[in-house]
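Colleague: Can you keep this structure in mind? I'll have questions shortly.
Each reported figure results from applying straightforward, stated rules to the coordinates on display, with no laboratory input. Remember, predicted model here, so these are calculated numbers, not experimental data. Glycine also receives a Cβ, built like all others from the backbone with ideal geometry; neighbour counts cover every protein chain displayed.
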Amino acid sequence: MQGGLKLKQAADMIYLDHNATTPIKPEVIAEMKRVMEIGGNPSSAHTVGRGAKAILESSRQIISNEINCRSQKIIFTGGGTESNNIALKAAGYQHIILSETEHDSILGIQENFTGTIDCLAVDNNGYISPDVLRKALENAPRNSSGNSSGTGPEKCLVSLMLANNETGVVQDIKTLADITHEFGACFHTDAIQAFGKIPVDFRALGVDMMSLSGHKINGPQGVGALVALEKINIQSLSFGGGQEVGRRAGTENLAAIAGFAKAVEFIPENLKNMSAVEKMRNRIEQEIQTHAPCVFFYGASSHRLPNTSTILMPGVSSETQVMAFDLGGICISAGSACSSGKVKPSHVVSAMGGSQAEALSTIRVSLGINTTEKEVDAFIAAWIKLYERKRK
């Protein structure tokens, strides 16, 4: 009981909102419990502190092995939003290039930055054109030497997400990062949604910084990581501690970090199951399309995450759809979960050419590795039932 209200558990619902957060694995909970019982502060010099430090560094190594980078590049944070914020506020940037479809934790820099910002358009498939990025870098403000402000990585930052949280559209980050480096600029990618759903290789992507989050991979909420080359001048958003080599002040959330690392250990197994998840996602779209030819799936013609579908039900508001599915025991969402519970027009749909009405009539369905065919059947039936009721 909470506040006199009996709350439904995820186990009581059909949960199709894995891009918002994933159910935490029992093995992760067990590992966090184990670490909490051990206790200790990784900054303490005594025996218990050294044991805590060993857990911290072992966790760092597990994550670095999975993403193919040196463990020293990993900075533990309080989650994906903080990781993105730290990357954007690294010292010295005078010009930032984003896209219109970034997460709010990236787009919010537009109100919190004293330099100049370019926000790149995407095409109807949700892609950022390499030519558009190149032109933005060519036209970036120039310093006194006559070169682009991106002549040094500390001057210009490009931040483009690997996979979109609403549509699942996957960008060609390697090509975009290579173009960025031609101009001497720094490249950050928000890989939070991609991690655990498709292979993520920091070195192969050729990026300078990358954001990750624990609760998108069946790990705990409230923990994430920023992966950054050591040469980048990362400045902590808070002060008063020298943790994470001075790049993120505050005692590390050791149990959550250990849980994050435990969840990462399951990623190779989870990736093998993604083909089955993709087949279920495709069946949802095929059966709905057959019943309602007017329906539209944003990003369906693009390379997408295997679990994600953004569905337009014309003339029916996102809010109505979310409430109707919830009453039917099915959890879905309208775009990003970081909107204070308020349904607002999807800025991603708008950026991809959708009208205001369409941006207010889409839902996001995101499957997980434990989603079943029976649950998919239930969602399809519920969608068709709602569609027919509203059409009449």
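Colleague: Ratio of Rg to Rh for the chain, alpha carbon only, Kirkwood? Walk me through the numbers before you get to the answer.
Modeller: Details: Rg = 21.5 Å, Rh = 21.9 Å.
Here the Rg-to-Rh quotient is 0.98.
Colleague: Under 5 Å between amide hydrogens, which residues at least 5 positions from Asp118 or on another chain qualify, with H placed 1.01 Å from N in the peptide plane?
Modeller: The answer is Ile96, Ile97, Leu98.
Colleague: Also: Considering only DSSP beta bridges whose two residues both sit in the chain, what percent are antiparallel, to the nearest 5? Mind showing how you got there, number by number?
Modeller: On the way: 22 of 40 bridges.
Of those bridges, close to 55 percent are antiparallel.
Colleague: Quick one: which residues, 5 or more positions from Asn19 or on another chain, have an amide H under 5 Å from its amide H? H modelled 1.01 Å from N in the peptide plane, none for Pro or chain starts.
Modeller: Result for Asn19 returns Ser366.
Colleague: Report the chymotrypsin sites (Phe, Trp or Tyr not before Pro) located in region 185-255 that are in a DSSP loop and have at most 12 other Cβ atoms inside 10 Å of their Cβ, or state none. If you can, show how the numbers build up before the last one.
Modeller: Numbers: sites: Phe187, Phe195, Phe202, Phe239; in loops: Phe239.
Passing sites in region 185-255 are Phe239.
Colleague: Fully extended, how many nm does the chain gain between Lys385 and Ser43 (0.36 nm per residue separation, minus their Cα-Cα distance)?
Modeller: On the way: separation 342, 0.36 × 342 = 123.12 nm, distance 5.72 nm.
Taking Lys385 through Ser43 to full extension adds about 117.4 nm, to one decimal.
Colleague: What does the helix-only formula give at 222 nm for the chain: each DSSP H stretch with n ≥ 4 adding -39500 (n - 2.57), the total divided by the residues, and the result rounded to the nearest 500 deg cm²/dmol?
Modeller: On the way: 13 runs with 144 residues, N = 392.
Roughly -11000 deg cm²/dmol at 222 nm, from the helical runs in the chain.
Colleague: For region 288-392, what are the per-bin percents of Cα-Cα distances with bins 5 Å wide, up to the bin holding the maximum?
Modeller: 2, 12, 23, 27, 22, 12, 3, 0
Colleague: Please sort 74-80, 316-322 by packing, taking for each peptide the average over its residues of neighbouring beta carbons within 10 angstrom, highest first. Mind showing how you got there, number by number?
Modeller: Details: 74-80: 24.7, 316-322: 19.6.
Per-residue mean Cβ counts within 10 Å order the peptides as 74-80, 316-322.
Colleague: Hey, which of these cross-link pairs are over 22 Å Cα-Cα: Lys33/Lys197; Lys216/Lys272; Lys89/Lys344; Lys73/Lys174; Lys155/Lys231; Lys155/Lys197?
Modeller: Values: Lys33/Lys197 26 Å; Lys216/Lys272 17 Å; Lys89/Lys344 27 Å; Lys73/Lys174 19 Å; Lys155/Lys231 13 Å; Lys155/Lys197 33 Å.
The answer is Lys33/Lys197; Lys89/Lys344; Lys155/Lys197.
Colleague: Separation of region 276-329 and region 180-220 by C-alpha centroid, Å?
Modeller: 27 Å
Colleague: At Asp123 and His291, where each label point lies 7 Å from the Cα along Cα→Cβ, what is the point-to-point distance in nanometres?
Modeller: 3.3 nm
Colleague: Please identify every one of the trypsin sites (Lys or Arg not before Pro) in region 230-271 that sits in a loop by DSSP and has no more than 13 other beta carbons within 10 Å of its own beta carbon.
Modeller: Working: sites: Lys231, Arg247, Arg248, Lys262; in loops: Lys231, Arg247, Arg248.
Taking region 230-271 and a limit of 13 other Cβ atoms within 10 Å, the loop trypsin sites (Lys or Arg not before Pro) found are Lys231.
Colleague: Gap in Å between the Cα centre of region 21-37 and the Cα centre of region 367-392?
Modeller: Their Cα centres are 31 Å away from one another.
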